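Presented below is the structure to which this report refers.
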Amino acid sequence: QVQLVQSGGGLVQPGGSLRLSCAASGSIFSRYTGGWFRQDPGKQRELVASISPGGTTMYADSVKGRFTISRDGARRTVYLQMNSLKPEDTAVYYCSADNGPNVYWGRGTQVTVAS
């Protein structure tokens, strides 16, 4: 069973930065695509960014140029660096590990962007 433990998040002013971390119970990100999703109440969960086992990254158009997904050398932790944050980035952020047949989720962390 894969466990994903999230950290980071909180309250930040518009234009500020935050970094989210997602630590796995093993070096799974060498075999699983790591992803960050976000969800507002009453809305569908949307993909923010992902990084494949080979290191290919992709981003939602709304965060391109502001957010960066990365992982550590041991491939146990995936990060989401969020810069130039906007109020519309406010949501609960979830990390994921996906190898197709199996998808595992972190428990979510609140990010609030407000003055």
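The values are calculated or read from the model by the stated rules, or taken from the named source; none is laboratory data. Keep in mind it's a predicted model, so treat the numbers as computed, not measured. All Cβ positions, even for glycine, are placed from backbone atoms using ideal geometry, and neighbour counts span all protein chains on display. Just so you know, the surface numbers come from the protein's heavy atoms only, side chains and all, with ligands and any DNA or RNA stripped out. Shrake-Rupley method; radii C 1.70, N 1.55, O 1.52, S 1.80 Å.
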*For residues that are open to solvent by 80 Å² or more (accessible area, probe 1.4 Å) and either free of Cβ contacts under 8 Å to residues at least 12 places away in the same chain or in contact with a Pro (Cβ under 8 Å, 6 or more places away or on another chain) (or both), tally how many sit in the stretch 44-57.*
2
*Here are some conditions: (1) open to solvent by 40 Å² or more (accessible area, probe 1.4 Å); (2) without any contact (Cβ under 8 Å) to a residue 40 or more places away in the chain. N99 meets all but one. Which one does it not meet?*
(2)
*Is it the case that the stretch 15-25 has a residue that's more than 20 Å from V103 (Cβ to Cβ), open to solvent by less than 20 Å² (accessible area, probe 1.4 Å), modelled with pLDDT of 95 or more and of a type outside the set (G, A, S)?*
no
*Test set (1) buried (at least 16 other Cβ atoms within 10 Å of the Cβ); (2) of a type in the set (A, V, I, L, M, F, W, C); (3) assigned to a strand (DSSP E or B) - F29 fails condition number*: (3)
*Evaluate the stretch 36-43: report whether one residue or more is touching a residue at least 12 places away in the same chain (Cβ under 8 Å), out of contact with any helix residue (DSSP H, G or I) (no Cβ under 9 Å at 6 or more places or on another chain) and more than 15 Å from Q110 (Cα to Cα).*
no
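Could you go through the stretch 7-16 and let me know if any residue there is at negative phi and free of Cβ contacts under 8 Å to residues at least 60 places away in the same chain. Give the steps one after another, and end with the answer.
Restricting attention to the stretch 7-16, the residues satisfying the condition of being at negative phi are 7, 11-14, 16.
Subset that is free of Cβ contacts under 8 Å to residues at least 60 places away in the same chain: none.
Looking through the stretch 7-16, none of the residues is at negative phi and free of Cβ contacts under 8 Å to residues at least 60 places away in the same chain.
Output the residue which, of all residues in the stretch 59-89 that are part of a loop (DSSP other than H, G, I, E, B) and among the aliphatic types (A, V, I, L, M), is nearest to R45 (Cα to Cα). Walk me through it before giving the result.
Keep residues of the stretch 59-89 that are part of a loop (DSSP other than H, G, I, E, B), which gives 60-66, 72-76, 83-86.
Narrowing further to those that are among the aliphatic types (A, V, I, L, M): 60, 63, 74, 85.
Values: A60: 12, V63: 15, A74: 28, L85: 19 Å.
Going through the qualifying residues, I end up with A60.
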